[in-house]
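A.B. asks: After the structure tokens below, expect a handful of questions from me.
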Amino acid sequence: MTQRINHGGLTKNDLIVNDLRHRIVSGALLPGDQIANRIQLEETFQASPATIQKALDRLSRDGFVRAYGRRGTFVANDPPHLCDYALVFEDHPQSGGKPWSRFNSALLGAAIAEGRSSELRKGDAAGKSGRKRRIKLYYDIQPHADVEDYQRLVADIKNHRLAGIIYVTLDSEITQTELSGTTNLPQLCLNTVEAPQVSSVLPDQAAFVRKALDYLKSQGRSRVAMVSAGLTSTFYQVFAAEVAARGMTTRPYWSQGPFFASAPAIRNTVHLLMNPGQNERPDSLIISDDHLVEQGSQGLLNAGVLVPEDVSVVAYANFPFPPTSSVKVKWLGFDIRDVLTTAMNLIDEQRRGRPAPKTTLIPPVFEEEVHVGNELE
């Protein structure tokens, strides 16, 4: 095989790498295919053996090819453009800025459970590829380019070393940066609100409320209170409507939204809700944010109520990393591994030319519904 090469200011090594990588990424060379032998490559690219070796070494370091001695060089079974997924955080857990959310911490914990860029069990949308899937972590990805991880992300995109990008949150200004040129690379956002620029994978908060209320009703409870960080009128309306639909009772002042970073406010709010001196006191409590569980459970102790004898409690968790509670609660939440696996599956679908839904909702599960040995699939 021979072809003319337009150098365009690139080194011969760059040209060889770009050509072979393009063949792999485009599908002209598939995983497991053998690369042309050294003599053929030398003739095609009019290059010395040393230059060819350097190019193959680069492709090997990037994970595109594997060399097997005299057998030859082959396209890797798990090349990065099919198997590496960027998990992008807008800040860093040790940056000293705003506190990291427990959702972020759970995502990070799941991603690095087997080490940075950990190898994950097979589990594409069809469940048949058998390829290893890896998550690569990028921190402090803000709408500016003076951060090392930002430069690393841009380089990985330009060099086709990613199957797709999973933004934990998505700043609209990011789309005005160098990353805006990655429209051909599948992208998703994990957040509690829909991201207008890309498709979103979201925990189904309304389903959380419904499942929590169904459990409380099964326990014979009828008067329901709720604490939720940053309580919105929309979320309260959903909660109140679902309470009424089940013939249960709530009061507007039984729903409170203490600031999650204020421990005294959380404790005092729950203490006030469950104050035994009231004429009418809730007999059940939904803590719909895992940031509130530790201090909220302490507030229950301070109020002197018995759990679950006097009050049944459903508390939010991101499995397999639930918060701690001072009282017995019914854990209900979302398996963070399902969130990541769903995101990777949707990216795989986009790579196959199937557009992702604008929003994909993850259903809530009780603790006993989470498979103990569940891995990212």
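A.B. asks: Taking G109 as meeting all but one of (1) in a loop (DSSP other than H, G, I, E, B); (2) open to solvent by less than 40 Å² (accessible area, probe 1.4 Å); (3) small (G, A, S), write down the number of the exception.
C.D. replies: Result: G109 fails condition (1) only.
A.B. asks: Right, something else. Would it be correct to say that S325 is under 26 Å from A111 (Cα atoms), modelled with pLDDT of 95 or more and buried (at least 17 other Cβ atoms within 10 Å of the Cβ)?
C.D. replies: Yes: the conditions hold for S325.
A.B. asks: How many of the residues in region 263-287 are open to solvent by less than 30 Å² (accessible area, probe 1.4 Å) and within 21 Å of G220 (Cβ to Cβ)?
C.D. replies: 8
A.B. asks: Taking region 208-235 as the region of interest, how many residues are within 22 Å of P363 (Cβ to Cβ) and assigned to a helix (DSSP H, G or I)?
C.D. replies: So the count comes out to 13.
A.B. asks: State yes or no: is V168 modelled with pLDDT of 80 or more and surrounded by fewer than 18 Cβ atoms within 10 Å (Cβ to Cβ)?
C.D. replies: It is false that V168 is modelled with pLDDT of 80 or more and surrounded by fewer than 18 Cβ atoms within 10 Å (Cβ to Cβ).
A.B. asks: Mind checking which helices (runs of 4 or more DSSP H) fall wholly inside region 259-377 and carry at least 1 residues that are touching a residue at least 60 places away in the same chain (Cβ under 8 Å) and closer than 20 Å to F208 by Cβ?
C.D. replies: 293-303, 336-351
A.B. asks: Right, next: Does Q256 satisfy being open to solvent by 40 Å² or more (accessible area, probe 1.4 Å), closer than 17 Å to V313 by Cα and either touching a Cys at 6+ places or on another chain (Cβ under 9 Å) or not hydrophobic (A, V, I, L, M, F, W, C) (or both)?
C.D. replies: yes
A.B. asks: So R23 clears everything in (1) in a helix (DSSP H, G or I); (2) among the basic types (K, R); (3) modelled with pLDDT under 95 except one condition, right? Which one?
C.D. replies: So R23 meets the others, but not (3).
The values are calculated or read from the model by the stated rules, or taken from the named source; none is laboratory data. Predicted model only: the values in this text are computed from it and were never measured. Glycine also receives a Cβ, built like all others from the backbone with ideal geometry; neighbour counts cover every protein chain displayed. Just the protein is used for accessible areas: all its heavy atoms, side chains included, with ligands, DNA and RNA removed. Shrake-Rupley method; radii C 1.70, N 1.55, O 1.52, S 1.80 Å.
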